[in-house]
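The values are calculated or read from the model by the stated rules, or taken from the named source; none is laboratory data. Given the structure is predicted, the values throughout are model-derived calculations rather than measurements. Neighbour counts run over all protein chains shown; Cβ positions are idealised from the backbone, glycine included.
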Amino acid sequence: TLPPLPSPVCKPEVTTALTQKASHNRRKYQPTCVCPVPKCGSTFTRSHNLKGHLRSHMNERPFLCRWPGCGKGFARQHDCTRHEQLHA
């Protein structure tokens, strides 16, 4: 098993003006949550998106495809839903 992850880091603002400008150009809202996994660097504007992202690092796949005989697992519910639509 993998060791427990450090607590997520949530910060109120981006640290440099250059980073802030780049983030603003890509997003409507500034990211406030940063993935604590070393060398990942992913940032999120909502904590529930960070939570789903962390499940992918931990190889947790709680959302299972309901198609008979498939059973493929996903870290995020929307990924599972999109996958199930491929079966239809």
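Pairs meeting the criteria (first residue in the stretch 41-55 and under 17 Å from residue 28 (Cβ atoms) and aromatic (Phe, Trp, Tyr), second residue at pLDDT 90 or above and in a helix (DSSP H, G or I), beta carbons under 8 Å, at least 6 apart or on different chains) are 44/50; 44/53. The residues of the stretch 63-84 that are surrounded by fewer than 12 Cβ atoms within 10 Å (Cβ to Cβ), under 28 Å from residue 29 (Cβ atoms) and not charged (D, E, K, R), listed by number, are 77, 78.
Among the residues of the stretch 41-50, the one identified as assigned to a loop (DSSP other than H, G, I, E, B) and either surrounded by 15 or more Cβ atoms within 10 Å (Cβ to Cβ) or at pLDDT 90 or above (or both) is 42.
Condition test on residue 64, is it aliphatic (A, V, I, L, M), in contact with a Gly (Cβ under 6 Å, 6 or more places away or on another chain) and at pLDDT 90 or above? Considered against the rule, which asks whether it is aliphatic (A, V, I, L, M), in contact with a Gly (Cβ under 6 Å, 6 or more places away or on another chain) and at pLDDT 90 or above, residue 64 comes out as yes.
One line per residue, one yes/no per condition, for (1) more than 29 Å from residue 85 (Cα to Cα); (2) part of a loop (DSSP other than H, G, I, E, B); (3) modelled with pLDDT of 90 or more:
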| position | (1), (2), (3) |
| --- | --- |
| 4 | yes, yes, no |
| 23 | yes, no, no |
| 30 | yes, yes, no |
| 36 | yes, yes, yes |
| 39 | yes, yes, no |
| 52 | no, no, yes |
| 59 | no, yes, yes |
